[in-house]
Structure formats: C-alpha cells, structure tokens
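What follows is a short report on a single structure.
The values are calculated or read from the model by the stated rules, or taken from the named source; none is laboratory data. Here the structure is a predicted model, which means the values were calculated and not measured. Just the protein is used for accessible areas: all its heavy atoms, side chains included, with ligands, DNA and RNA removed. Shrake-Rupley method; radii C 1.70, N 1.55, O 1.52, S 1.80 Å.
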Amino acid sequence: MSCRNHIRKALEECRTGTLKMFENMDALMFCKQVHPEFSPPGWHLGHIAYTEALWVLQRMGGYEPVFPQYHQLFAADGLPKHKRQELPGFAEICDYLTTVREKVLFYLETAPVEAQERLWWFLIQHECQHCETIAFVTFLANWQAESLASFPLTQSPLAGETQGNFPSKEASLSEMIKISAGSFEMGSNAIDALDNERPQHSVFLDTYWIDRYPVTCGEYAKFIEAGGYQKAEFWSEKGWKWLQENPVSQPLYWNPISGNENHPVCGVSWYEADAYARFANKRLPTEAEWEKAACWDSKMAKSRIYPWGDIFDDQQRCNLSFCDNSGQENLTPIGNFRAGTSFWGCEDMLGNVWEWTSSWFDGYEGFEWYPYPGYSQVYFDGLHRVLKGGSWATRPLAIRCSFRNWYHPGMRCILAGFRCAKSE
C-alpha cells in the first residue's frame, strides 16, 4: 500500500470510529463539562476539525482559513475549559467536520506526502487521543450518575462495609518476572513516533523484577481492608498530604462485585498506586523498567513496537478500543490476551488500563519539539508522572511500547492502574 493510500485509510478508519462515539449521545452530554480538567465531548469534535484545518489546509496546503467563526471556540488556547459548554449542535459541528475533511482528502490526492508523512501521522494520532478523552469523559459521567443513584451524597462505601468487600475467590496473581541486567533501546525514531518518544537511545538497567500482570481489584482490596487509606506508614509525605486534602477511601471506579476481582484496578492516582506498592513491599517501576519489560527482545537484541512483535495483526493481542465503544466500560480480566505476551513473559502491557510509573515526564537527551512546543515540552515541569500502555479506550493507531502519557500524580479520573516492581 502506498504512503498516500495508507494515510487515507487511517484517516477514514479513525473518523468512522470518532462519529460512532456520538451515535447515542444526547445534547446534554454533548455539551457537558464532567470534570474541570476536561472539555465537553462536543468541544473535542470541533477541535478535531479545527486542528485538521489548521495544519493540513492552512499550514501544508496554503488554503485560506475555513469557518473562522469557530477558531476561538475550538482552538486549544482559545477559551478556558469552563467556557466551552456553549457549543453549536451536533449537526452543525458535523458539517464543519465534513467540510474540512472533504478539503483535506482533496488536498491529499496531490500532497507531497513523503515529505509531510510525520505530520499526517501526528494528526491521525491527535484525533485518536481526543477520542479516548471523549470515551473516558463519557464513562466518567455515566459512572457519576450511577454512583449518585446507588449511594446518597453523604455516604461513601468503605472497606469493611458491604460495598467495599470482594468475594474471597481470587487467583494467585502476584507472580513477578525477572528482567536480566543489560542495555536496551528506549524510545522510537519511527515516522509515527511523537516528539517525546524521540530520539531512541540506549539505557542500561540492573536486574529487576516486575509483576506479570497489573494489580487487580482483588489484590487492591487487601490494601483497603488492611486500612491502607487510614495508615500514613504506606504513603509518601506528599501522598499523605494529598490524601488529607482529598479524603478518599477506595479507587474512583471501585466496583467490588463477584467476577471483578481479577480485573485490573482502575481509577487510582499515582499517590494511591505508590501507597499500595509500599504496602506490598514493592515499588512502582521506572518508565525505563516498564518499557524494557514490554518491548525488549534480548534474543534478537532489538526493541519491538508492540510486546508481541512489530505488526498489529488482530484484536486478540490486547484490550484496546477498536472503534466499538462509546464510553461504556470495557475492562477485561487479566490474562485474557496470552497472544500479547512480551518476550519476558509480561502480560496486559497494552490496553485495559494505563499504568503509572515512578518517572517524571521529561524530554530525552536530544529532544526536539514537534510540531509545536506546547504538545510535550511545556509539561517537562517536574509536575507530571509518566503512564504507559494505554487503556480500553485507546485506539491502536495511538499506542505502542514507546508511547508516553503524562498526568499530575493526583489525577484519578483517567483510566489508570499500575503494576509493581522490585530491585534484585
């Protein structure tokens, strides 16, 4: 397949999934800001059109700006998030989206794609990333509505009460994998690699151990039942301070029903993940440790794009979004995707839940921003922790072992879990 046709196919597949997410969304949800850190779903749809028009039509194609009346509303730096709720209707934004896309595909027919390829893949991934935000914001709204219906505002189900206990049935899931000492190639120089993944570079790591699977709800329940949220001994100084300011007693998306004990825990902040690791006499892996366990093939002395290899050939490798969800939780039990096992034997490295690491988000040596400083560089501030691996809402076009996500350590509404590590 030619580069031009490959890009066209990816654009069309991505857009089909984007529109599918809005099929059953009502007008209230379309314009609703569910969380102060995130914009309404409808804003993301308009922003996708705005960004595509800006970079393809104006920057690459030299077109005059289209729909200038939307520029302030849908530009990332146009309005604060809390002022993005007064939106045009779905049909009007779809007209914007369709008009821009028609012009983009017309331009693509004659565009010098080989010279522009990196930017095209950036824009495809940009749309995928906003679709993941739409999915988890919609999921968060549904979760909030169900929680209010289940529990009065004055109550919070606590460990030790009926709502907080898991059934005793639980597999033994705490197995750890030994990762031998040595160097590996971290990051990526591939055409679709984002600026923060570059340049690929060699990193030496001593021998360490890492969990075969992400920490499950059944395992995390032991931390809750042991009074983990009430004992300062399990928390860092900053973590305990965060807990006093945010008095929670369980993960955000805590659903202790029979059958969920082997699902990865989801909806934990970095501080909660760190506290659990201390409770378990382990620690969170560094980003480099996580990535080596996921991608490095020591027999071939090369990094794989995905834990299983370099080709994403079917949907039986991991639990990602294959354009068939619209904010409905799609967590699966750990160990369901044996075909996605890494060289070392680690499972569920991609999909299901993002995984917190102990590393701060920063640029690799030789970092060069692309296509603008605000994509990654402004977040090299020592305030964001790295997450790896994607979630059930992540699109396959926007995930690989080298992909890096980042959030403040106190963020819990993202679809995040973790696995633990130990030094030799």
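For the chain, what does the alpha-carbon gyration tensor say about shape, rounded, prolate or oblate, given a ≥ b ≥ c as the root eigenvalues, a/c under 1.5 as rounded, and a/b over b/c as prolate? Verdict is oblate for the chain.
The residues PHE380, PHE418, sorted by heavy-atom accessible surface at 1.4 Å with ligands and nucleic acids left out, run PHE380, PHE418 from largest to smallest. Normalised by the number of residues in the range 1-129, the average gap of Cα pairs under 8 Å and 6 or more apart makes the relative contact order 35 percent.
Can you give me the Cα centroid spacing of the range 54-75 and the range 246-316 in angstrom? Here the answer is 39 Å between Cα centres.
In sequence order, the range 298-304 has phi-based couplings of 5, 5, 8, 6, 8, 8, 8 Hz under the Karplus curve 6.51 cos²θ - 1.76 cosθ + 1.60, θ = phi - 60°, and Gly or Pro positions carry x.
Dividing the mean sequence gap of close Cα pairs (under 8 Å, 6+ apart) by how many residues the chain holds gives a relative contact order of 19 percent. Available extension along the chain between ALA115 and LYS302 is 64.6 nm, counting 0.36 nm per residue and deducting the alpha carbon span. In terms of distances greater than 19 angstrom between alpha carbons, the cross-link table entries LYS231/LYS282; LYS32/LYS388; LYS238/LYS292; LYS222/LYS282; LYS32/LYS81; LYS20/LYS83 yield LYS32/LYS388; LYS238/LYS292; LYS20/LYS83.
Can you name the helices of the chain, as whole DSSP H runs, whose Cα span along the helix axis is 27 Å or more and whose Kyte-Doolittle mean is not below -0.5? Qualifying helices: 113-150.
Residues whose amide H lies under 5 Å from that of TRP296, counting only those 5 or more places away or on a different chain, are ARG304; hydrogens are built 1.01 Å from N in the peptide plane.
Between ILE177 and ILE210, ASP211, ARG212, the built amide H atoms are under 5 Å apart, and every one of these is 5 or more places off in sequence or on another chain. Largest first, the residues TYR379, TYR276 sort by 1.4 Å accessible area into TYR379, TYR276.
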